[in-house]
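Notes follow the structure.
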């Protein structure tokens, strides 16, 4: 769901509760209701964090809309959300994008991700980058590019086996629509920012990483 500002939700909610008066059809009413429920669920998770931050830093305030966006981007993980904001509090910053970059650049996280990559075989690393880049891992063009990047005979069966191993290891998961994605969204951002190889963009070696994450900035 795209970021929805609080005032927009308030207007939407007023329309939902009076849908008969403004002539909303049931599908539109159901969609609007779903958006409102999702927004309030997300706000329930991040609002206490925003309030606590303001109590610690009385002259500073975190934007609720930005916190909700971050919560969505990291895969709706309350514990991880608290860790990121805890670091923001320690640094005294309110910029969510900058804070997330700092979190990814932490030596502990980078070291863990590097170790994880080093323990994979070349095909597993390659298909992991493919999934992180939101490319179809079993697509014809992907298989051709994998072959061009030095993978020996990357057949559909071999790629499927690599994907299954990564899934069983908890590195890959599926979203509500059944699409594969990297379970740790920050690890996915870490992978996306690695320097592309000539053939496919599978990334540079794990000990030479650009850890910048791109979160959408909002006004």
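The values are calculated or read from the model by the stated rules, or taken from the named source; none is laboratory data. Note that this is a predicted model, so its numbers are computed, not measured. For neighbour counting, all protein chains shown are included, and Cβ atoms are generated from backbone atoms with ideal geometry for every residue, glycine included.
Test residue 58 against the criterion of being closer than 23 Å to residue 182 by Cα and either surrounded by 13 or more Cβ atoms within 10 Å (Cβ to Cβ) or at pLDDT 90 or above (or both), and give yes or no. Judged against the criteria, residue 58 is not a match. For region 135-159, a tally of residues being touching a helix residue (DSSP H, G or I) at 6+ places or on another chain (Cβ under 8 Å) and assigned to a loop (DSSP other than H, G, I, E, B) returns 10. Counting residues in region 120-134 that are farther than 19 Å from residue 192 by Cβ and in a loop (DSSP other than H, G, I, E, B) gives one or more. Taken over region 160-186, the criterion of being assigned to a loop (DSSP other than H, G, I, E, B) and within 20 Å of residue 112 (Cα to Cα) is satisfied by 169, 170, 171, 183, 184.
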